[in-house]
1. Amide H neighbours of Ile145 under 5 Å, counting only residues 5+ apart in sequence or on other chains, H built in-plane at 1.01 Å?
2. At a Cα cut-off below 26 Å, give the lysines reachable from Lys183, other chains included and same-chain residues fewer than 8 away excluded.
3. As I understand it, the value is the acute angle between the Cα axis of helix 224-235 and the longest principal axis of the Cα atoms of the chain; what does it come to in degrees, rounded to 10?
4. Could you work out the relative contact order of the range 53-149? I mean the mean sequence separation of Cα pairs under 8 Å and 6+ apart, divided by the number of residues, in percent.
5. Let me have the relative contact order for the chain, percent, based on Cα pairs under 8 Å that are six or more residues apart.
6. Probe radius 1.4 Å, ligands and nucleic acids ignored: give me the carbon and sulfur share of the accessible area of the chain as a rounded percent.
7. For the range 113-126, what does the Karplus curve 6.51 cos²θ - 1.76 cosθ + 1.60, with θ = phi - 60°, yield as ³J(HN,Hα) per residue in whole Hz, taken in order and with x for Gly and Pro?
8. Between the range 111-167 and the range 1-75, how many Å separate their Cα centres?
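The values are calculated or read from the model by the stated rules, or taken from the named source; none is laboratory data. Predicted model, so just to flag it, every value in this text is computed and none were measured. Glycine also receives a Cβ, built like all others from the backbone with ideal geometry; neighbour counts cover every protein chain displayed. Heavy atoms of the whole protein, side chains included, go into the accessibility calculation; ligands, DNA and RNA do not. Shrake-Rupley method; radii C 1.70, N 1.55, O 1.52, S 1.80 Å.
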Amino acid sequence: MQIISLDGTVAIVTGASSGIGEATARRLAEHGAAVAVIARRKDRLDSLVAAIESGGGTALAIEADITDQSQAQAAVQTAVESLGRLDILVNNAGLMLLGQIAGADIEEWERMIAVNQKGLLYITHAALPYLQSAGTDDVRGVADIVNISSIAGRQASANFGVYNMTKFGVNGFTEALRQEVTKQHIRVGVLEPGAVLTELVSHNNQQIRDGLDASDDIPERLQPEDIADSIAYMVTRPRRASIAELWAMPTSQV
Ligand code: NDP
């Protein structure tokens, strides 16, 4: 398989303080990218940076709440000023709060929309000018945006309504942006994981978690590293090849 090195590139991974984002930052650094890792839990980011650096890589921790437009913009600015350029953006930060729509806590809806959609938009908007430069210069002559959606961006289910809405929205936005910038050699793709073993479910209340445990019919979830591998695949294709959509499921999930 042809794998294009990420030597000389700079990547941003949002939501890198745990789960898929953390594993992705490590994987992209192994492929040669300098990685700016963004999230709110700075202690977790500092540990990740130390681990990447001890393996010979380059990384930068940036504490930011991406739901705040000025923090999102400043985070991208800091990454570019400190690491020199921007080639790859992985919009991974996300929140999944489940429950029925009738009687729901509307504040939970606001938080999901703020992270899964507005945060992704703010970071993307700030990053695009730098990615446009990377699409034309001589490091790779191509740039990448990978948006992390979900199986919940393809299939709606009871109790997932607002999470479904945010992820279906991510899919639509990704394809629209792809059409706008692909001829500038910015590849824009969406990755839709099935169930992955991370902290994602832990943000729900005990009743929701008990319900999920009771109905659990997925004996073996994906590991975050499985999704990191899929992301690495998308961003190490030859310049001519753009993976616009990738659906990555546990074998044991219908
Ligand atoms: P985690 O809960 O482990 O990771 C979520 C990340 O998002 C954390 O690093 C968190 O960092 C960050 N984040 C949340 N809110 C903000 C914010 N306001 N500003 C900046 N960062 C924020 O879950 P996963 O790794 O599973 O989730 C990653 C992505 O994968 C999400 O988009 C999720 O929807 C998607 N996904 C996950 C699946 C799964 O089964 N796990 C399946 C399909 C998709 P911090 O709290 O430090 O800010």
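1. Result for Ile145 returns Leu89, Arg187, Val188, Gly189.
2. Output for Lys183: Lys118, Lys167.
3. Taking the Cα atoms of the chain, the angle to 224-235 is about 40 degrees.
4. Computed value for the range 53-149: 36 percent relative contact order.
5. 21 percent
6. Working: 5800 of 11740 Å².
Carbon and sulfur together cover 49 percent of it.
7. 4, 5, 7, 5, 10, 5, x, 4, 5, 4, 5, 4, 4, 5
8. So the two Cα centres are separated by 16 Å.
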